[in-house]
Amino acid sequence: MTKALEGVRILDMTHVQSGPTCTQLLGWFGADVIKVERPGVGDATRGQLRDIPDVDSLYFTMLNHNKRSITLNTKSDRGREIFTKLVKECDVLVENFAPGALDRMGFPWEVIQELNPRMIYASVKGFGPGPYEDCKVYENVAQCAGGAASTTGFLDGPPLVTGAQIGDSGTGLHLALGIVTALFHREKSGRGQRVMAAMQDGVINLCRVKLRDQQRLEHGPLKEYSQYGQKIPFGKATPRAGNDSGGGQPGWILKCKGYESDPDAYVYFITQAPVWKNICDVIGKPEWKEDPEYATPDARLDKLTHIFETIEEWTKTKTKFEVMEHCNPLNIPVGPILSMKEIAEEPSLRETGTIVEVDHPKRGAYLTVGNPIKLSDSPADVVRAPLLGEHTDEILKDVLGLSEEEIEAARSESAV
Ligand code: COA
């Protein structure tokens, strides 16, 4: 079985998280990903947050599967020469350096286009064109500048960042879609194109519903927010909504049995309107089914806090999994708060390849997240991340056709 992106060669100039998540996805779909790293240094994450001395970190290994690594000093003459050859042999160049870094190396878009008109040149930057376009950006800056932090957290607390890496991995996903779209377009146009994904834009895209609420606010209070029932006035901007659902079906996080000692003994509970009667029965409040104060979604809006407190009296008598067992057959949407430990140990996630155990020559076995996108004809095998420069000779020989003497010359000039 061939992989969906087999035959597509990626020149991977990415580092840290956003770019590497993008090229890792392309690698899972079968692209040949050639990761270019500085000789002796490599991607900075190789050495960050290390758990084992002198061994590539999990930060690096979990973001760089299914890639080959070549070391190349693209600031040396010989390195630039080799890089030029790589540009000619590859289909896509992906980078997420600080703005202008590739230009400073001598490879602006105009040069790349001239070297290889079919090349797709894809970048992640912190911001798009505008006042902040020259800024360096990391995950949490993007979460803040993209509107996520101002809408996350509790009403009486400061803005909050989320553990989901929506700025880095989220933008990597956006960029990957841009790349495969450009590859599809190239089939018709015969030409490559420039693909840009700004982290701020990616986060804003993921916060779409909050911009929805910003506009709804002009026409009155947001009645599905708990603060409405709590009679707390709304300000001028979309507020932080705690654990409110964000959709038309109110929800909240509720304590379950054992919450006193287990920080994750909680469940997300949604009071979906069509199953309201089932909810009333299961929590022991059958009288709410016909009571006009509770029977309709509109009537319930100003009492959500009381309703969730009442449901919590019931969930506190059950474990989060027992809540699932009671509610699922009744079509009541609930979800357990799973810890990373529980996710790591969950057998069904291992079976689907979402959590995968990988072997590494220096660190031994470790867990990683496999491809979350499943293609029936292009299943992803997770191949361990490369050691620094592990494939330098192989790439120079097989992809660029360099002789032993040429490789030796490059090595003696510290270009590789
Ligand atoms: N050979 C020689 N030099 C190389 C090289 C190679 N193979 N690979 C990289 N370099 C150089 C670059 O040319 C650049 O040099 P320059 O500043 O002289 O032009 C330098 O290494 C790397 O620069 P930079 O990207 O500024 O690294 P940084 O560690 O200072 O900043 C970020 C890191 C992430 C803040 C920055 O890259 C950035 O803002 N990226 C865009 C947004 C982004 O992706 N952020 C999320 C990261 S998860």
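The values are calculated or read from the model by the stated rules, or taken from the named source; none is laboratory data. Computed from a prediction, not measured in an experiment: that's the story for all the values here. Note that each Cβ is placed from the backbone with ideal geometry, even for glycine, and that neighbours are counted across all protein chains shown. Accessible surface is based on the protein model in full, side chains and every heavy atom, while ligands, DNA and RNA are left aside. Shrake-Rupley method; radii C 1.70, N 1.55, O 1.52, S 1.80 Å.
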If the requirement is being part of a loop (DSSP other than H, G, I, E, B), at pLDDT 95 or above and open to solvent by 30 Å² or more (accessible area, probe 1.4 Å), which of these qualifies: Ile373, Ile343? Ile373
Scan the range 14-60 residue by residue and report those that are over 21 Å from Ile395 (Cβ atoms) and assigned to a loop (DSSP other than H, G, I, E, B). Val16, Gln17, Gln48, Leu49, Arg50, Asp51, Ile52, Pro53, Asp54, Val55, Ser57
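Please note which helices (runs of 4 or more DSSP H) are completely contained in the range 238-329 and include at least 2 residues that are of a type in the set (Phe, Trp, Tyr).
Values: elements: 276-282, 297-300, 304-315, 320-327.
Because the criterion is at least 2 residues that are of a type in the set (Phe, Trp, Tyr), the helices (runs of 4 or more DSSP H) in the range 238-329 that meet it are 304-315.
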Residue set Gly172, Gly192; condition open to solvent by less than 70 Å² (accessible area, probe 1.4 Å) and part of a loop (DSSP other than H, G, I, E, B); output residue Gly192
Members of the range 145-166 found to be within 14 Å of the ligand (Cβ to nearest atom) and farther than 22 Å from Ser339 by Cα, listed by number: Ala145, Gly146
Subset of the range 61-82 (residues that are among the polar types (S, T, N, Q) and either near the ligand (Cβ under 9 Å from one of its atoms) or surrounded by fewer than 19 Cβ atoms within 10 Å (Cβ to Cβ) (or both)): Thr71, Asn73, Thr74, Ser76
If we scan the range 176-193, do we find a residue that is within 19 Å of the chain's Cα centre (by Cα) and either under 21 Å from Lys210 (Cα atoms) or basic (Lys, Arg) (or both)? no
What is the one condition in (1) more than 26 Å from Gly242 (Cβ to Cβ); (2) open to solvent by less than 20 Å² (accessible area, probe 1.4 Å) that Ala148 does not satisfy? (1)
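Would you check if there is a residue in the range 23-31 being β-branched (Val, Ile, Thr) and touching a strand residue (DSSP E or B) at 6+ places or on another chain (Cβ under 7 Å)?
Yes, some residue in the range 23-31 is β-branched (Val, Ile, Thr) and touching a strand residue (DSSP E or B) at 6+ places or on another chain (Cβ under 7 Å).
This table checks each residue for (1) under 28 Å from the mean Cα position of the chain (by Cα); (2) farther than 20 Å from Ile10 by Cα; (3) within 11 Å of the ligand (Cβ to nearest atom).
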position: Leu102; (1), (2), (3): yes, no, yes
position: Val111; (1), (2), (3): no, no, no
position: Glu114; (1), (2), (3): no, no, no
position: Ile120; (1), (2), (3): yes, no, no
position: Val124; (1), (2), (3): yes, no, yes
position: Pro129; (1), (2), (3): yes, yes, no
position: Tyr138; (1), (2), (3): yes, yes, yes
Pairs where the first residue, in the range 134-147, is farther than 11 Å from Val161 by Cα and the second is open to solvent by less than 70 Å² (accessible area, probe 1.4 Å) and among the basic types (Lys, Arg), C-beta under 8 Å, 6+ apart: Val137/Lys125
So, in the range 350-370, of the ones that are touching a Gly at 6+ places or on another chain (Cβ under 9 Å) and free of Cβ contacts under 8 Å to residues at least 60 places away in the same chain, which residue ends up most open to solvent (accessible area, probe 1.4 Å)? Thr352
Only one residue in Ala142, Ala198 is touching a Lys or Arg at 6+ places or on another chain (Cβ under 6 Å), within 15 Å of the ligand (Cβ to nearest atom) and not acidic (Asp, Glu). Which one? Ala198
Name, by its number, the condition in (1) within 15 Å of the ligand (Cβ to nearest atom); (2) touching a residue at least 60 places away in the same chain (Cβ under 8 Å); (3) buried (at least 17 other Cβ atoms within 10 Å of the Cβ) that does not hold for Lys85. (3)
For Gln165, work out the one condition from (1) part of a loop (DSSP other than H, G, I, E, B); (2) over 18 Å from Leu63 (Cβ atoms); (3) in contact (Cβ under 8 Å) with a residue 12 or more places away in the chain it doesn't fulfil. (2)
Any chance Val41 is within 13 Å of the ligand (Cβ to nearest atom), within 22 Å of Lys136 (Cα to Cα) and modelled with pLDDT under 95: yes
Name the residue, out of His185, His174, that is within 16 Å of the ligand (Cβ to nearest atom) and out of contact with any Phe, Trp or Tyr (no Cβ under 8 Å at 6 or more places or on another chain). His174
